[in-house]
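Heads up: the structure comes next, in structure tokens.
The values are calculated or read from the model by the stated rules, or taken from the named source; none is laboratory data. On a predicted model such as this, the values are computed, not experimentally measured, just so you know. Cβ placement follows ideal geometry from the backbone for every residue including glycine, while neighbour counts extend to all protein chains displayed.
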């Protein structure tokens, strides 16, 4: 994994000090987060801690890992009802290191994945965590994205069909055909594309492991993390992605559900309860929710297959090398869509 060299760390300290972000003295850097996408570092000058986000080493897919776009979105959300870290500085490629990055405030609190921390491990606190997550997502979708200066952030008209086409192209053959194991769900999605339910800022990777919680009860979201995939699109896709990241007792799990198994503990709302809370807050019509859930799972299968191919070629993260991960997302998408199980390979 990439890390700062001594010279780069010195340049970073100078950059941060010149902008009043740190005291100008030497800094230490420590990687935080899961490290499978953009790289995030906790930077400490001995008095203050801040966070630096940079893209992974190249090659990267066209348009992906745009740090300055991510920083711009966070700045647009500042002062809204959506809790986000404050952007403190941005750097162009070559200004400190070979790629752009941004610096944000360090929000202290637990990031929960497999186990709820003891201070929040009561049914009431767990319930409040899931309620706060739903309420935060509803607040995001209520932001006036045009007034926030994000009118050029995405193209909400035709978002659903375009999303299917764009994601499918990542792994399609030169003829445009999807891989054999993707064919059935790909055809089902294309045949059942609903009209967009609306237009909103969507996070595109909203799940339990991408929020910082208050350390003590009542459980609440202090900051939403990892905005690299955010755009303006159909808010029901965001809801569906979130719901499909929440594991269900007794059901097979996908890799994203494995990153949120704390939600199997007593107190967390069920998927249906969260969907109904979201609908009550937003007035959303959930009659097409199954399509959006299947789409979310298919999209993850596509991204994991893309990652698997890169890892197999030696150019990507070895985390994605297991084809069983792709199969788990496809199986889940088939179940949601009411399709027969995928054929074993």
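Summary table
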item: Residue in region 51-68 that is at pLDDT 95 or above and more than 20 Å from the chain's Cα centre (by Cα) present; result: no
item: Pairs, first free of Cβ contacts under 8 Å to residues at least 40 places away in the same chain in region 331-344, second part of a loop (DSSP other than H, G, I, E, B) and surrounded by fewer than 19 Cβ atoms within 10 Å (Cβ to Cβ), C-beta under 7 Å, six or more apart; result: none
item: Search result, residues across region 61-91 that are in contact with a strand residue (DSSP E or B) (Cβ under 9 Å, 6 or more places away or on another chain) and part of a loop (DSSP other than H, G, I, E, B); result: 65, 78, 82, 83, 84, 85, 86
item: Residues being within 23 Å of residue 226 (Cβ to Cβ) and free of Cβ contacts under 8 Å to residues at least 12 places away in the same chain - total across region 163-210; result: 1
item: Residue 154 being surrounded by 16 or more Cβ atoms within 10 Å (Cβ to Cβ), touching a strand residue (DSSP E or B) at 6+ places or on another chain (Cβ under 7 Å) and within 30 Å of residue 131 (Cα to Cα); result: yes
item: Residue match in region 18-26 (condition: surrounded by 14 or more Cβ atoms within 10 Å (Cβ to Cβ) and outside any loop (DSSP other than H, G, I, E, B)); result: no
item: Complete set of residues in region 310-345 that are over 23 Å from residue 250 (Cα atoms) and in a helix (DSSP H, G or I); result: 310, 311, 312, 318, 319, 320, 321
item: Residue in region 36-55 that is assigned to a helix (DSSP H, G or I) and surrounded by 20 or more Cβ atoms within 10 Å (Cβ to Cβ) present; result: no
item: Selection count, region 66-82, where residues are surrounded by fewer than 18 Cβ atoms within 10 Å (Cβ to Cβ), over 22 Å from residue 39 (Cβ atoms) and touching a residue at least 24 places away in the same chain (Cβ under 8 Å); result: 2
item: Any hit, region 105-123, residues being touching a helix residue (DSSP H, G or I) at 6+ places or on another chain (Cβ under 7 Å), surrounded by 20 or more Cβ atoms within 10 Å (Cβ to Cβ) and outside any loop (DSSP other than H, G, I, E, B); result: yes
